[in-house]
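This report concerns only the one structure given below.
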Amino acid sequence: MENTKKDKTRMLLYGLMILLCSAIAMQVFAQDRSTKQVKPSAKGWEHLALTNVIGETPKNELASSINKLGREGWELLSVGNVTESGTTTKTVFYFKRPL
């Protein structure tokens, strides 16, 4: 009778190990698929720099322009400032989108 309990316990442990391994394999497979979807196009990227002279363009117009670019598939990469004579005079928005 003791052997039967050991056999049942062993079978239960094997079952749990198989279930755990299956769950891990599914996670790895799901992560692998998600990273494949994020890879950039083999054709390359198109780039755009939008320059805003501070004080010339109202903030709502600038936001509208950036939103329009987003709808056209442009992705904002970074924002930089141009400083002349110790004063920030321009802001440059750098975008990219797949070709």
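Inverting the mean 1/r over all pairs of different Cα atoms, compute the Kirkwood radius of the range 45-98 and quote it in Å. One over the average 1/r among Cα pairs gives 11.8 Å for the range 45-98. Electrostatic tally near A49: other residues with Cβ closer than 11 Å to its Cβ, Lys and Arg +1, Asp and Glu -1, net +2.
Could you please report the charge total around K90, scoring K, R as +1 and D, E as -1 over all other residues with beta-carbon less than 13 angstrom from its beta-carbon?
On the way: positive: none; negative: E56, E84.
So the surrounding residues net to -2.
With 20 Å as the limit on Cα-Cα distance, the pairs of K43/K68; K43/K96; K43/K90 that go past it are K43/K68; K43/K90.
Once you have the Cα-Cα distance between N81 and L99, take 0.36 nm times their residue separation minus that, and quote the gain in nm to one decimal. Could you put the intermediate results ahead of the total?
Working: separation 18, 0.36 × 18 = 6.48 nm, distance 2.71 nm.
Answer, rounded to one decimal: 3.8 nm.
A short reminder: the numbers here are calculations on the coordinates, not readings from a lab. Everything numeric in this text was worked out from a predicted model, so none of it was measured. Cβ atoms come from the backbone with ideal geometry, glycine included; neighbour counts cover every protein chain shown.
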